[in-house]
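The values are calculated or read from the model by the stated rules, or taken from the named source; none is laboratory data. As the structure is a computational prediction, the values presented were derived from the model and not from experiment. All Cβ positions, even for glycine, are placed from backbone atoms using ideal geometry, and neighbour counts span all protein chains on display. Side chains are part of the model used for accessible areas, which takes the heavy atoms of the whole protein and leaves out ligands, DNA and RNA. Shrake-Rupley method; radii C 1.70, N 1.55, O 1.52, S 1.80 Å.
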Amino acid sequence: MKTNTKHISKFLSLILRHNPSKIGLELDENGWADVSELITKVNKYKPGLTNDILENVVKSCDKQRFAFNENRSKIRANQGHSIKVDLEYTAVQPPEFLYHGTVGKFREDIRRKGLLKMSRHHVHLSEELETAMRVGSRRGVPIILIVKSGDMYRKGIEFYQSDNGVWLTDTVAPEYIEFKTK
Ligand code: HQG
């Protein structure tokens, strides 16, 4: 992603996941914003967003953070919201193990309380070790947790997968976590 696209993507994340009212926007209950209203309101706040640029941001965003509806009249973030939206996920069977990347300072809390969703809607897990490493590195030297998602699933705990491939669940109790590194 080019720097400029990255910059817009970051601003759109803020608007579509956390604070639409910053530009006077409202999302519907499923997290959708009207595209032309979004463009108009972003431009009032910070000029320069066009339909083409928006399409380009959605297409080129490495993590596919955003999605259009079928006729491209609406846009929403694929995951990561802190405001209440219903993304209409359906429960799916996870792989036997999933990864979570975090940092050492959280280890003891996670050992005691398990993985909590903190300010997001879900705990975020990934199928790829590299992805978990990257997520953990955002906060420092990463440590990797292995989540026994298959065992959880067999106990009736639900998992969802976002459109951009992130695995989501409510919480992961300590007994389902293995610490890959000491
Ligand atoms: C930690 C980014 C103490 C958890 C990334 C994490 C990802 C606990 C932090 C996506 C805890 C929450 C999600 C407990 C969990 N005690 N700490 N009991 N339970 N934690 O950002 O998974 O850029 O909400 O380990 O790439 O780091 O937003 O979650 O370190 O895909 O698209 O609390 O965010 O994507 O942090 O990252 P986050 P995350 P976007």
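Here are the numbers for the structure shown:
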{"read-out": "Failed item, numbered, when TYR99 is tested on (1) in a strand (DSSP E or B); (2) under 29 Å from GLU29 (Cβ atoms); (3) of a type in the set (Phe, Trp, Tyr)", "value": "(2)"}
{"read-out": "Filter result (touching a strand residue (DSSP E or B) at 6+ places or on another chain (Cβ under 6 Å) and open to solvent by 40 Å² or more (accessible area, probe 1.4 Å)) within the stretch 99-120", "value": "TYR99, LYS117"}
{"read-out": "Subset of the stretch 54-66 that is away from the ligand (no atom under 13 Å from the Cβ) and open to solvent by less than 50 Å² (accessible area, probe 1.4 Å) - its residue that is farthest from LEU16 (Cα to Cα)", "value": "SER60"}
{"read-out": "Considering residues of the stretch 76-123 that are of a type in the set (Phe, Trp, Tyr) and out of contact with any helix residue (DSSP H, G or I) (no Cβ under 7 Å at 6 or more places or on another chain) only, the residue farthest from the ligand (Cβ to nearest atom)", "value": "TYR89"}
{"read-out": "Residues located in the stretch 137-171, provided they are part of a strand (DSSP E or B) and within 25 Å of GLU88 (Cβ to Cβ)", "value": "VAL147, TYR160, GLN161, TRP167, LEU168, THR169"}
{"read-out": "Residues of the stretch 123-136 that turn out to be open to solvent by 40 Å² or more (accessible area, probe 1.4 Å) and either closer than 14 Å to PRO94 by Cα or assigned to a strand (DSSP E or B) (or both), as a count", "value": "3"}
{"read-out": "Tally of residues being open to solvent by 30 Å² or more (accessible area, probe 1.4 Å) and at positive phi across the stretch 2-53", "value": "2"}
{"read-out": "Checking SER126 against (1) touching an Asp or Glu at 6+ places or on another chain (Cβ under 9 Å); (2) more than 20 Å from ASN30 (Cβ to Cβ); (3) within 9 Å of the ligand (Cβ to nearest atom); (4) not charged (D, E, K, R), the condition it does not meet", "value": "(1)"}
{"read-out": "Check on GLU96, free of Cβ contacts under 8 Å to residues at least 40 places away in the same chain and surrounded by fewer than 13 Cβ atoms within 10 Å (Cβ to Cβ)", "value": "no"}
{"read-out": "Matching residues in the stretch 129-171 - criterion: being more than 22 Å from ARG107 (Cβ to Cβ), more than 14 Å from the ligand (Cβ to nearest atom) and of a type in the set (D, E, K, R)", "value": "ARG154, LYS155, GLU158"}
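To keep it simple, each residue is scored yes or no on (1) over 18 Å from ASP163 (Cβ atoms); (2) part of a strand (DSSP E or B).
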site	(1), (2)
SER9	no, no
LEU25	yes, no
ASP28	no, no
ASN43	yes, no
ILE53	yes, no
ARG76	no, yes
GLY80	no, no
GLN93	no, no
